[in-house]
Amino acid sequence: MHKVGLLMIACLVPAAGEEVTLKTLPKRFVGDEGRILSSPFRKSSYSAESVTRSVIPFVVISGGLIAGDRKINESLPGTLDQRNWSGRVSQLGAWYSLTGISGGTYLVGKFTGNGRAQEAGLLAMEALGHAQVSVFALKQLTNRERPLDHDHRGGFWEGGTAFPSGHSAGAFAVATVFANEYRHQRAVPILAYSLASAVSLSRIGAQKHWASDVFVGSTIGYLMGRATFKRHHQDSLRGSRSMPQVGMVRGGAALSWKF
């Protein structure tokens, strides 16, 4: 867990940006992914400040939640209605929903000549991809059982896929890009992080994940979204007044724009 925290902190180092376009997306993604994977082995990734301010709190909170996961899960009603409603909310954090929101934002920007929307959509897709790669790797390494698996103990290295939560990681990765891209429009960060939090909590309510799965997944998503935005955001895109709005509809999520 210590190395995982250091890896995510290392991702925050900004780099000189290049033009953010659909054509350059594959090259950017592969380059960034290489830096993410190699960061634990670079001396520059380690500093006393980052360990004290970020890694130690992350490890302590994660460890505390892992220790209390079963009690948190047992405190919930555990009814069928709880699982069903939570499952519906969590669909907003599914990869296809988040890809649709990000891709839809890019297309709106492309057809309206809105450079900020184009960048938000592309960077959100990049951050989502990075988050899912990291989540997949950790799932294979930890093999943790889900709350409804076998003996309901949430054991690690038991062949499960619970740790960390992919829905939480994806939701916070996309939310963080939008929150930073539209940080001067107060409603967007509030809406983005509220929806991401709702998705994360719904994974606990649906009994698909433990609280620690959600916390670690959310942290990964936030850091991937922040790192992607910091590395590639173009300051010249200031001034757009259009604002994305996301809501739940029957069967999934809906994306609309306010101009």
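Values quoted throughout were computed directly from the atomic coordinates according to the rules given, and no laboratory measurement underlies them. Since the model is a prediction, treat every value here as computed from it, not as a measurement. Every residue, glycine among them, receives a Cβ derived from its backbone with ideal geometry; neighbour counts consider all protein chains shown.
Quick note on the range 114-174: its Rg to Rh ratio, both from C-alpha atoms and Rh being the Kirkwood radius, is 1.19.
Dipole magnitude for the range 92-194: about 280 debye, using +1 per Lys or Arg Cβ and -1 per Asp or Glu Cβ, origin at the Cα centre. Neighbours of K208 by Cβ distance under 15 Å: Lys/Arg scored +1, Asp/Glu scored -1, total +2. Judged by the mean number of other Cβ atoms found within 10 Å, the most tightly packed of the peptides 146-156, 118-128, 48-58 leads the ranking 118-128, 146-156, 48-58. Taking max minus min of the alpha-carbon positions on each principal axis, the range 79-258 gives extents of 54, 33, 24 Å, largest first.
Shape index of the range 104-145: Rg/Rh, with Rg the Cα radius of gyration and Rh the Kirkwood radius from the inverse mean 1/r over Cα pairs, equals 1.30. Pairs over the 25 Å Cα-Cα cut-off, from the set K139/K230; K208/K230; K27/K208; K43/K230: K139/K230; K208/K230; K27/K208.
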